[in-house]
1. Please report the spacing between the Cα centers of region 140-192 and region 22-43 in Å, no decimals.
2. For the chain, what is the accessible area per residue in Å², given a 1.4 Å probe and the full set of protein chains?
3. Between the helical axis of 46-62 and the dominant principal axis of the chain, each derived from Cα atoms, what acute angle in degrees is found, rounded to the nearest 10?
4. Report the Stokes-Einstein translational diffusion coefficient (µm² s⁻¹, integer) for region 61-172, Rh taken as the Kirkwood radius over Cα pairs, at 25 °C with viscosity 0.890 mPa s.
5. At residue 135 and residue 190, where each label point lies 7 Å from the Cα along Cα→Cβ, what is the point-to-point distance in nanometres?
6. Could you tell me which of the pairs 26/49; 49/100; 28/163; 100/140; 28/49; 57/179 are separated by over 24 angstrom between their Cα atoms in the structure shown?
7. Once you sort the root eigenvalues of the Cα gyration tensor of region 25-77 as a ≥ b ≥ c, which label holds: rounded (a/c under 1.5), prolate (a/b larger than b/c) or oblate (the other case)?
8. Each residue of region 87-96 in turn: what ³J(HN,Hα) in whole Hz from Karplus with 6.51, -1.76, 1.60 and θ = phi - 60°, glycine and Pro shown as x?
Amino acid sequence: MARKYNKNQAPARIGNMVNSIHFSPKLKGRDLYYAMLGYRRPYGTNTEKLFTRALGKYVGEALKLSHSTDGLGNIFVTVGDSPSCAFTAHTDTVHSVEGKQTFSIDKALDHAIVTDPNSSCLGADDTSGIIIMMEMMRAKIEGVYCFFVGEEVGGIGSTDAAKRLAANPKTHPLGTCNKMISFDRRGYDDVITEQGWGECCSLEFAQQLAGQLNYAG
């Protein structure tokens, strides 16, 4: 059984700890997704840091793209010449403990099911967003791809990136962007325009985005 987690304390280290993470350049699609799901990575833990570094290395080895990392650990990858759209996902999960985890695949339902007693969730939030962006980069879809840290504990990565952008708009990776789409929602039928702190985008933008998604099926 997992220990009771106190949100005011660092995640406990319980079993299956990892000293290094590497995603083979040969992995892609579902195989890469399953490899990523193998790690519990609460914000600030060694596992999250190793995971984030492994993402950056994979981008270079498998996708042949360069990336930059800011002082907080956020990763940025630019595809295309001065793209106007940013895409985002976050590297941390809401697991109560860090480390490697086990899960099984229900082939009939095509679902991954966590089987690790130390795991409080599967971690598809936001591994699903990460793999979507990886495959978009592989398809050479233009954009600035942002992998933010610490989003589950108060938007730490994105808030820090916004401050750095405001301070250096001409040199920041997001300096050419005027819109941002975050892949951080379960299912296929939601376009979020408002969150706890207020409006994220205009209704007009959301309708245009939803229309394009519906057009694509």
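1. Spelled out, the Cα-based centre of one part sits 21 Å from the other.
2. Normalised by residue count, the accessible surface of the chain is 58 Å².
3. Value to nearest ten degrees: 50.
4. The estimated diffusion coefficient comes to 156 µm²/s.
5. Inter-label distance under the simple model: 2.0 nm.
6. Distance filter (> 24 Å) returns 28/163; 100/140; 57/179.
7. Judged from the Cα gyration tensor, region 25-77 comes out oblate (a/c at least 1.5, b/c at or above a/b).
8. Going residue by residue, I get 10, 9, 8, 10, 8, 7, 10, 9, 4, 7 Hz, with x marking Gly and Pro.
The values are calculated or read from the model by the stated rules, or taken from the named source; none is laboratory data. Computed from a predicted model, the values in this text were never measured in an experiment. No Cβ is skipped: glycine too gets one built from the backbone with ideal geometry, and neighbour counts run over all protein chains shown. When the accessible area is computed, the model is the full protein with side chains, heavy atoms only, and any ligands, DNA or RNA have been set aside. Shrake-Rupley method; radii C 1.70, N 1.55, O 1.52, S 1.80 Å.
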